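The values are calculated or read from the model by the stated rules, or taken from the named source; none is laboratory data. The model shown is predicted, which means the values in this text are computed figures rather than measured ones. Cβ placement follows ideal geometry from the backbone for every residue including glycine, while neighbour counts extend to all protein chains displayed.
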């Protein structure tokens, strides 16, 4: 076997041994206990504290009746005549947008956030 391959293999072996020894010296924390006060969430996030009142709209989507919740927040300063629609993905709710809603309404925008 050529010398450069021997040096490479030996270096990799020493590096692996050093990493294994270092991993054994790390302080391993115990697992975090599961909170006892966590309850299942509803599909409508009714238990989530929304920063503004929600309104519901009953519509039909693909021949199925659904109920959509949305916040419609008016401007808190001089009205600029523009409306902003904030959309989110499936793993978020409109309540995540509180800071953005506050900033947009302070700038004169009407903000609508459907869930």
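For (1) out of contact with any helix residue (DSSP H, G or I) (no Cβ under 7 Å at 6 or more places or on another chain); (2) surrounded by 10 or more Cβ atoms within 10 Å (Cβ to Cβ), each residue gets a yes or a no:
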position	(1), (2)
34	yes, no
61	yes, no
77	no, yes
87	yes, yes
94	yes, yes
99	yes, no
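Somewhere in segment 7-25, is a residue modelled with pLDDT of 80 or more, over 30 Å from residue 101 (Cβ atoms) and either in contact with a helix residue (DSSP H, G or I) (Cβ under 6 Å, 6 or more places away or on another chain) or surrounded by fewer than 10 Cβ atoms within 10 Å (Cβ to Cβ) (or both)?
No, the conditions are met nowhere in segment 7-25.
Of 61, 38, which residue is out of contact with any strand residue (DSSP E or B) (no Cβ under 7 Å at 6 or more places or on another chain) and modelled with pLDDT of 85 or more? Full working, then the answer.
On the way: 38 fails: modelled with pLDDT of 85 or more.
Exactly one residue qualifies, and that residue is 61.
Of everything in segment 41-58 that's surrounded by fewer than 10 Cβ atoms within 10 Å (Cβ to Cβ) and modelled with pLDDT under 80, which residue is nearest to residue 100 (Cα to Cα)? Reasoning before the result, please.
Step one: list which residues in segment 41-58 are surrounded by fewer than 10 Cβ atoms within 10 Å (Cβ to Cβ), which gives 42-43, 47, 49, 53, 58.
Retained after the next criterion (residues that are modelled with pLDDT under 80): 42-43, 47.
On the way: 42: 24, 43: 24, 47: 21 Å.
Only one residue fits best here, namely 47.
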